[in-house]
Structures are given as structure tokens and as C-alpha cells.
Amino acid sequence: MAIRVLLADDHRIIREGIQTLLSREPDIDVVGEANDGREMIQMNETLQPDVLVMDITMPNLNGIDATRQIISKYPDAHIIALSMHSDQRFVVEMLQAGASAYLLKDCVYDDLVKAIHLVCEGKTYLSPEVASILVDDYRAQGQKNPAAKAMTLTPREREVLQLFAEGHSTRDIAEKLFLSVKTIEAHRAQIMRKLNTHSVAELTKYAIREGLTTL
């Protein structure tokens, strides 16, 4: 069965270009195109796509806020940010909003196809440039407070951290590790306390830096 994709970008030529390229993929079907975040939310309700590919800077409703609204109603939605913005602020905010992948618009086409397939498997994908941005941001934060050192994580906590960083849900992790959902939630809370982090985006940055995942 083909992966159903919904596109959102306020530049028609971008949407049509992506649609034309993806139409060559036998297992991907572009089911709709939205001009802004608000239209994306409405079309998501009616079309129920498998993957949403959206820009960040759009009129009426930007991609970050659109992502927050979609994720609040559909926590398992697979959203890919495809943006010209390489600033770490946009990357972090989009991931915090719930995006499963972040690619820059100058990425190669194969990266987009790879991201579409990976997010459908419940995984996370960051283009190499974006991963580098997150690592640089993490290091910069560490330099601001060089005395702060993360408490040592247990092997189980590192295992849970890696799975979260790779985009697995709490329930998926519980099933993989044969633990209860409450136990996994407790592990996540403990990990965030030890690392002094407050979001999955921050956990992902730590996991990349520590080599727990290559995404």
C-alpha cells in the first residue's frame, strides 16, 4: 500500500516540484497540497495522510504552530519539516512541537524519500546539516555552564533514551523492553531530571552527542 503524503508550502512551484518528484516513487502517493498551516490542518482532518511534509514560514499559520495543533489531536502523526531555515531556534522549536524529521530545502531528493519511509516506521530523521546544528547548540549550552555535568545514566536509562531519541513512542518502548508504560514514563522522568532536560528535542541532542544514535 502506498504511503499517502500531504504537502504544505506557500510557494506553489515548490509544492508542484515535490509532487512531481514524489510521483515517480511507486510506493508514495501525494494526496493533497496545502498553501498554509491552517489549510494543512483542515486537509489533514479530511484526508488522514500517513505523512505530512510542511514548510515552517507560511501565512495564516506557521508550520511550528500547525505541527503543535496537529500533534495535540493526533499524537502519532508523522510530520516532516522541509525548510530553508537552518537556525537552531527553528530546528529545536519544530522538533519540540512534535515533528519527526527536519530537512533543509537544499537537501538531496533521496533524503526526503528516506525521511518519508523512516517516519512511517516510527523513527526520526535529521539531515546531516541539521544534526550538526543540534550538536553545536548542545556544545554551546555546555560551554555556558562548563561546571554542569550530567549524572551517570544506568544502562537501562541509556537504552530508553536511545529509543526515545529514535522516535519510538512510550508504548512501543514498553513493548520492546517488556516493561509497563508507567515504568517507561518513570525512566523518562528520571533521565530528564539527571540531564536537566525538558523536551524530547533536548534528549535527542544529548543522544547524538553521546553516540547513542546516529538517527
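The values are calculated or read from the model by the stated rules, or taken from the named source; none is laboratory data. Source: prediction; values computed, not measured. Cβ coordinates were reconstructed from backbone atoms using ideal geometry, including for glycine residues, and neighbour counts include every protein chain displayed.
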Residue count for region 57-106, restricted to those that are among the acidic types (D, E), modelled with pLDDT under 90 and over 18 Å from L6 (Cα atoms): 2
Condition met for S72 (under 19 Å from Y125 (Cβ atoms) and of a type in the set (S, T, N, Q)): no
Residue identified as hydroxyl-bearing (S, T, Y) and under 21 Å from G17 (Cβ atoms) among T57, T67: T57
Unmet criterion (only one of (1) within 21 Å of the chain's Cα centre (by Cα); (2) surrounded by fewer than 17 Cβ atoms within 10 Å (Cβ to Cβ); (3) at pLDDT 95 or above) for D27: (1)
Residue in region 150-164 that is under 24 Å from A77 (Cβ atoms), of a type in the set (G, A, S) and either modelled with pLDDT under 90 or part of a loop (DSSP other than H, G, I, E, B) (or both) present: no
Any pair with Cβ under 6 angstrom, 6 or more apart, that starts in region 8-24 at a residue that is within 16 Å of D110 (Cα to Cα) and ends at one that is surrounded by 11 or more Cβ atoms within 10 Å (Cβ to Cβ) and of a type in the set (F, W, Y): L21/Y109
Residue ID - surrounded by the fewest Cβ atoms within 10 Å (Cβ to Cβ), chosen from residues in region 166-213 that are at positive phi and in contact (Cβ under 8 Å) with a residue 24 or more places away in the chain: N196
Residues of region 105-130 classified as touching a strand residue (DSSP E or B) at 6+ places or on another chain (Cβ under 9 Å) and either surrounded by fewer than 19 Cβ atoms within 10 Å (Cβ to Cβ) or assigned to a helix (DSSP H, G or I) (or both), total: 15
